Structure formats: structure tokens, C-alpha cells
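Below: one structure, written as C-alpha cells.
The values are calculated or read from the model by the stated rules, or taken from the named source; none is laboratory data. Treat the numbers as computed from the prediction; the structure is a model and nothing was measured. Reconstructed Cβ throughout: ideal geometry from the backbone, glycine too, with neighbour counts over all protein chains shown.
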Amino acid sequence: MNHWTRRTFIGAALAALLAPALPAFGADTIKIGLVTALSGQSARAGEALTRGLTIAIDELNAAGGVLGRKFELVTRDDEAVPAKGVIAARELVHKEKVAVLFGGLDTPVSIAIVPIMNEAKVPFMGPWAAGTPITKNGADPNYVFRVSAVDELVDRAILQYAQKTFGTKKPGLILVNNPWGQSNEEGLKAAMQAKGVVPAGIEKFEGNDVDVVPQLTRLKAGGADALFLVGNVGPSAQVVKSLDRMGWKVPIVSHWGPAGGRFTELAGPSAADVHFVQTYSFFGKQRPVGDKVLKALMAKYPDIKGAGDVTPAVGVANAYDAMQLVALAIKNAGSTDGPKIREGFYKIATYDGLIKTYSNPFGPGKHDAITESDYVWTQFIDNQILPVGMKK
């Protein structure tokens, strides 16, 4: 008995010594971080980003992952507050040791996070926030990449669409008073100047304003024949409700802020009057990748019965493609070292994605994979985001 006890003790001691060499379950995963709004008016958009990343990660893990390791998603809610986004980013980078950080939903949050990522030399992938300075941030080397709309490109598209669809000659600009609004003011001014267009006026509103009738009244008096709108869900809804109170029916061509959450609920029936940009729609005939992703969404999330339930689709699509491109960058790097992953992005040749087939999507000085030719114009019909002119 004593002999058996001694052998058992020795065996247990040897096992304990060897145990550290064997990683615990999940200890050797490649962590991917996500900082986004998961609560508040834009929570639906944050959920869409989470779902797009999850579907891509499930697919990648089912194929064995990358570098013999599987991916693990770690999320944090920034509540659309830059200071909270910064805290979350620091925790994910320094404590969780994420290989790549995704985020955020709001341009002010992303702009606040950018210096942290460049200093830490950890790639930052933007699947939503469209502010031009996010990727064009002046850093060298620059660790910020994006699969999303870009303000300066959207602004050119807004003017082109308004002129073609509504014959716009004298637009009025109504913009949220924050870095995102500022980014678009600069982009719209440049787009209009290039086409010889003089605006009826440029007005600003705060994110918590509940009435913008004074600003809209000035634009109407200035002869605005269309409104170019930039604002997230709540503020954009207040613009629409203010127009209703004025009884002013005017074409509204918007950035994609209305897609981020409960816009139709907040804006009321006139929400359907807003035409806004997207990068993708699950409506209409899909390529094989679109069919595959939609089926995966329906299988994983019981609330998704069809294309109309993927809202906003842009969040899912941008995040899905961005995660697939991140995986290719890590594969090219042969490592989860930040500087090597950064170089790995430049080595991506082609990827047949959800939004499009990407060809050399990134390179030095080219950190935005989506161009103005990739945009889709949409509107809300019966609480669903449909391409303009498409019936349910």
C-alpha cells in the first residue's frame, strides 16, 4: 500500500510539473477585440457588428483557424462615449492581449482610440465609423485599417446621387456638431466645390437636440432644394420630426447614420423619406457568399428569418469581410505580432468577399478597402432597409 501511494505521489508530481507545458483550453486562441456601442440608441448596430464577426469567426474556426490556432472574440461596450472606448481599448490591448482590435461604431470614439493603437503597434480595424481622419491619421507607421464607408467618398456620392435623383442645385447641409460632422462638412464642401455647387447654407445641431426647426428654417429661407444630413439615429430622427412640424417636404439625402438603430420608431412615418447610403444589402439576388452568410445567420440567430431581419446589414457585411481580411493578414504574417500583421494586410492579393471581390485592398497609403463604387442607396420600407425603388 505504501509502495502504491509513493508511486501515485511521484506520478502526480510529474504530472504537475508537465502541466504548464500543456495550454489550457482557450489559452492559445487568437483573441480578436471589439469595442462598440452595445447599449443605447445604436445598440442594434453594435449587435450587427458582433454578429458579422461571430459568423466569420465560426466559419474560420470550423476550417481550423489560422496558424493552427482558433479565434476568440472579446467584446466591450463603449456606450458611444469616447472616454469609455479608450478605457475598453486599453484593457483589450494590454490585458486581454488581442491581436487585432475592431471598433468603433462612432467616429469620435474611433478617433480617440487611434493614437492608442498606433502607439501599441496593434492593428485597429474599422468596420463602421466613417470619419476620414480615422485611417488618414498622419501616423507613420499607421496601424489603422478599415472595411467601411469613408466620409470623403460618401460625400461625393451624396452630391452625385442628389443631383441625379432629385436634380439638386442648391443643397442645404444639416450636420451633427462633432468630429463626424466636421469630417463630412469638409468632404461635402470639397465635393460641391469640385462641381461648382454653392450650398444654401450649413447648419449644425447637437446630438441631444430635440428640435432643429430654427436651423431648418434658415436653410429653407436660403432656398435649399434638398438636405444633406449627417447624424446618428436619434439626431437624424429629430431632423425628420422637425421637418414634419414645419410642414416642409424636401428631399433628404443622408449618410448612413439612420441605419444604426431605432430610426423608424423615433422618426415616425416620414423616416421613409430619407435616402441613405449603405455598403451592402441582403435583398435581391445574392452571390454565393451572400447566400452562405445569410443561411449561417438564420441558423445561429432565431430572430433572423430572412434578409429583412438583418438590420443593419451594413454592420454584418462590413464586419464579416473585415474579419476574413484580418485572418488573411495574420496568415500572411505567419504571426500574431502587430507589426507583422500590419505588413500582412499589404500582402493580401484577392479575397472573394460578401461586399465584393477585393483585389489588393490595402497598401502603403491605402488603408480603406471600400470605394465609392461599392455603395448602395437605400430607404426604410415597413421598418426594413431596402435598396431605393425595391418593393418588399
Inset, instruction - Pull up segment 87-126, narrow it to residues that are among the polar types (S, T, N, Q) and crowded, with 20+ Cβ neighbours inside 10 Å, then point me to the one that is nearest to Ala329 (Cα to Cα). - result: Ser110
Inset, instruction - May I ask you to list the residues in segment 200-246 that are acidic (Asp, Glu), more than 25 Å from Ala37 (Cβ to Cβ) and not in a helix (DSSP H, G or I)? - result: Glu203, Asp225
Legend entry - Any pair with Cβ under 6 angstrom, 6 or more apart, that starts in segment 134-146 at a residue that is farther than 18 Å from Met323 by Cβ and without any contact (Cβ under 8 Å) to a residue 60 or more places away in the chain and ends at one that is surrounded by fewer than 22 Cβ atoms within 10 Å (Cβ to Cβ) and among the polar types (S, T, N, Q): Ala139/Asn118
Inset, instruction - Filter segment 188-198 down to residues that are under 11 Å from Leu159 (Cα atoms) and in a loop (DSSP other than H, G, I, E, B), then give me how many there are. - result: 2
Legend entry - Residue tally, condition over 27 Å from Pro133 (Cα atoms), surrounded by fewer than 19 Cβ atoms within 10 Å (Cβ to Cβ) and modelled with pLDDT of 95 or more, over segment 178-219: 4
Legend entry - Leading residue by the ranking (nearest to Ala237 (Cα to Cα)) among those in segment 42-78 that are without any contact (Cβ under 8 Å) to a residue 40 or more places away in the chain and touching a Lys or Arg at 6+ places or on another chain (Cβ under 9 Å): Asn61
Legend entry - strands (runs of 3 or more DSSP E) completely within segment 260-365 that count 2 or more residues being without any contact (Cβ under 8 Å) to a residue 60 or more places away in the chain, surrounded by fewer than 16 Cβ atoms within 10 Å (Cβ to Cβ) and in the same structural domain as Leu92 (by TED's automatic domain parsing): 357-359
Legend entry - Top-ranked residue in segment 171-186 [being in a helix (DSSP H, G or I) and within 19 Å of the chain's Cα centre (by Cα); ranked as farthest from Glu152 (Cα to Cα)]: Pro179
Inset, instruction - Can you give me the number of residues within segment 85-109 that are within 28 Å of Asp28 (Cα to Cα) and either in the same structural domain as Asn232 (by TED's automatic domain parsing) or not in a loop (DSSP other than H, G, I, E, B) (or both)? - result: 15
Inset, instruction - Go through (1) under 27 Å from Ala157 (Cα atoms); (2) in contact with a Gly (Cβ under 8 Å, 6 or more places away or on another chain); (3) of a type in the set (A, V, I, L, M, F, W, C) one by one and return the number of the condition Ile330 breaks. - result: (1)
